[in-house]
Each structure stands twice: as structure tokens, then as C-alpha cells.
Amino acid sequence: MSLLSIVVPCYNEEPALPIFYEEICRTMDEMKGTFPGLDFELLFIDDGSKDKTLEVIKGLRANDDRVHFVSFSRNFGKESGIYAGLENSHGDHVVIMDADLQDPPSLLPDMYRAVTEEGYDSAATRRVTRKGEPPIRSFFARRFYRIMNRMTDLQIMDGARDYRIMTRTMVDAVLDMKEFNRFTKGIYSWVGFKTKWFDYENRERVAGETKWNFWKLFLYSIEGFVGFTTAPLTISTLIGLMFMVLSFVMIVFIIIRTLIYGDPTSGWPSMICIILFLGGIQLFCIGVVGQYLAKTYLETKGRPIYIAREKE
Ligand code: UDP
Ligand code: MG
């Protein structure tokens, strides 16, 4: 007997959930045929939804004892939802899947085969197209992955989704990373393990709307940098050093010029520009240090990653 836990983070997914449930049931029935002795557990994480998501989940649970749920006391974000899902799952394998069917359940049998028969610890998915996404968002997303992969030791796949199946060993490794500021894509890469990648075409969500906007994604990307590299701190130091050397050369130059040509007062506009420029760089670098300090501050508080209000 083998148990597969399907973790589904849900935030205001009332319209999508019934469609999702129908689809996932079809996949589970199909998999029962191909993998004898396989059992399922459906774990919905209600991330403080403001609509009737929890009622819908409870309705599903009334008719299907494979359904379980954890309901948060407020909205903690998808990262916390994933953590709660992994923590409360019992399966030998765990898969994380969105409720909006953007993560096609039809890939699941192949993904399951990769971790059971082909010797992988994890099977993950990435979209090969960014169709239906604003071009400006795609542009910045691409830049983000480029810079991230260059500045850190991690290899984060461009277009990687959170849709992923893992063995219990890998799940435990991810759960051991108890940081409060969670950037799961970085965590997966950091814990290592052998991962098989599946590509698929991007598709629109079946119902409801996306919870992301440009600003949220931008803040999330900072989370990624601060969480997995201290390179910005080194870069700030190097910039500071560079300007120190430059100013030393300029001082020597100005002293010699004054000794030779006297001291005519000139160059005020350029002086103001330089002061503003350096002031800007200083503030920027203090901001970078502040980002790390802020994250450290939040980590040292040791707050829980999520708070459950109800669990079944
Ligand atoms: N989600 C969540 N908490 C949040 C935001 C989103 O649990 O605060 C869930 C959401 O219900 C969905 C998944 O995370 O199942 C992905 O969200 P969404 O479809 O909005 O993101 P996108 O697919 O556009 O990246
Ligand atoms: Mg989606």
C-alpha cells in the first residue's frame, strides 16, 4: 500500500474548487487502475479565504473521506499554505497543486512514475510559454531568473511552477527549513535531490482570478534575493570601496592643480551632481543592508509560519 497526498493551497477559490475536484477525481480513478495499491489523500489548505471556499471544502469532505483540510486564521500567503500542507500530509509522496487547474492533473501519472519507478526524488513542472501574460511581466520575470541564477549558487528554473511531487525524504528536508521568510523555489533548489522536469504550455485558470500583481511579484523577488544570497551586501561594499579610491585620486589631483593654478571658484553645478549621486548610492546601500536586517529581525522573532483555526 502506498499513499499519495495531494496538497491544494486555496485562497478565494470558491468557483474553481468544484471543477478542480471533479477533474482530480477523474485522475485519481485513472491512477488507481495503473498503480494498484495506491491510495489518495486530498489536503486542502484554506488560506483565510473571504468567500465560501471553506464551506465548499467541508461539503466535499462530507461525501469523501479522502478529503482533509487545514483552515488558517487569516491569509498567510501561498508559501505558508505549502508549508502547512507538507506538514499535515501523511503520504509516502506529496504533490502540491493549484486549485485553478493551471497545473494539469493529467501530468500526475507521469510525475508519479518518475518518483516511484525512475529513481527521482522529485518531479517538477515548468511552463515553456508565458502566453496570456503581460509582456512587461514576462520581461521582468526573465531578468529575475537570470540575476538570481548568477548571484546565487542555486539553479532556479525559469518558469518553474509550484506544481511538484516529492518523496517523503525530500518533504522532510523542506520542512526542516523553518525560515519565516519562505521562498519555496529557492528552498527546493537548496535542499538538492534529483528532480525530473516536465514542460507544458501555460493555460488560463478555469475560474476566479489570479492573486498576483506586479507589485506583489516584485516584493516576492526581493524575498528570493535576500533569502538566498548575500551578494548585494558584497556589491554595496565594493561600490563603496570604488568610490573611496576614486575620491582619493581626485583629492590628489585637485591639490596639485590648486598648487599650480591657484584657486578659482568654479564647478558648483558638478559638485551638486556628485553630492546627489553619492547621497543616492549611500541611501541605496543602507536600504540593502536594511532589507537584510529586517529579514533577520523577523526571523529572530520566531513567529509561526501559519496559524490554523480549524483542522480535519
Ligand atoms: N493562493 C493561496 N494564498 C494566497 C494566494 C494564492 O493559497 O495568498 C493559492 C491560490 O488559491 C491558488 C494558488 O495559490 O491555488 C496559485 O494562485 P494564483 O492562481 O492566483 O497564482 P498564479 O497561478 O496566477 O501564479
Ligand atoms: Mg493560477
Three semi-axes of the equivalent ellipsoid, the chain, Cα gyration tensor, whole Å, largest first: 50, 20, 18
Please report the accessible area of M242 (heavy atoms, 1.4 Å probe, ligands and nucleic acids excluded) in Å², nearest 10. 120
Quick one: work out the % antiparallel among DSSP beta bridges in the stretch 64-223, nearest 5. 55
Can you give the accessible area of C25 in Å² (nearest 10), computed on protein heavy atoms with a 1.4 Å probe? 20
Convex hull of the stretch 1-132 built on C-alpha atoms - directionally averaged projected area, nm²: 8.6
Placing +1 at every Lys and Arg Cβ and -1 at every Asp and Glu Cβ, with all other atoms neutral, what dipole size does the stretch 152-215 have around its Cα centre, in debye to the nearest 20? 180
Cross-link partners among lysines for K295, C-alpha distance below 29 Å, same-chain residues fewer than 8 apart left out? K50, K78, K178, K185, K211, K216
Extending each Cα 7 Å along its Cβ direction at F139 and K32, get the distance between those two points in nm, one decimal. 5.1
Would you mind calculating the gained length between N149 and K52 on full extension (0.36 nm times residue separation, minus the Cα-Cα distance), in nm to one decimal? 30.9 nm
Accessible area of the chain belonging to carbon and sulfur atoms, whole % at 1.4 Å probe: 62
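Just the accessible area per residue of the chain, please: how many Å² with a 1.4 Å probe?
That works out to 55 Å² per residue.
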Shape metrics for the stretch 151-210, restricted to C-alpha atoms - Rg then Dmax, Å: 13.6, 38
Among V206, L219, Q282, which residue has its Cα furthest toward the positive end of the charge dipole of the chain, with +1 on Lys/Arg Cβ and -1 on Asp/Glu Cβ? Q282
Rounded, prolate or oblate: which fits the stretch 185-312 when a ≥ b ≥ c are the square roots of the eigenvalues of the alpha-carbon gyration tensor, with rounded for a/c under 1.5 and prolate only if a/b beats b/c? prolate
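Evaluate E = 1/(1 + (r/R0)^6) for M271 and R203, where r is the Cβ-Cβ distance and R0 equals 51 Å; express this FRET efficiency to the nearest 0.05.
Step by step, r from the Cβ atoms, then E = 0.35.
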Have a look at the DSSP beta bridges in the chain and tell me what percent are antiparallel, nearest 5. 30
With charges only on Cβ, +1 for K and R and -1 for D and E, what is the dipole size of the chain about its Cα centre, in debye, rounded to 20? 1260
What's the magnitude of the charge dipole for the stretch 7-71 around its Cα centre, counting Lys and Arg as +1 and Asp and Glu as -1 at the beta-carbon? Answer in Debye, nearest 20. 80
Run the 1.4 Å probe and let me know the accessible area of D162, rounded to the nearest 10 Å². 20
For the chain, with the dipole built from +1 on Lys and Arg beta-carbon atoms and -1 on Asp and Glu ones, taken about the Cα centre, which of L238, W190, A114 lies farthest toward the positive end? L238
Extension gain from E23 to L233, taking 0.36 nm per residue of separation minus the Cα-Cα distance: 70.9 nm
Length gained, K131-Q282, 0.36 nm per residue minus C-alpha separation, equals 50.4 nm
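The values are calculated or read from the model by the stated rules, or taken from the named source; none is laboratory data. Just so you know, these numbers come straight off a predicted model, no measurement behind them. Using ideal geometry, Cβ is built from the backbone for each residue, glycine included, and neighbour counts are taken over all protein chains shown. These accessible areas exclude ligands, DNA and RNA; they are computed on the full protein's heavy atoms, side chains included. Shrake-Rupley method; radii C 1.70, N 1.55, O 1.52, S 1.80 Å.
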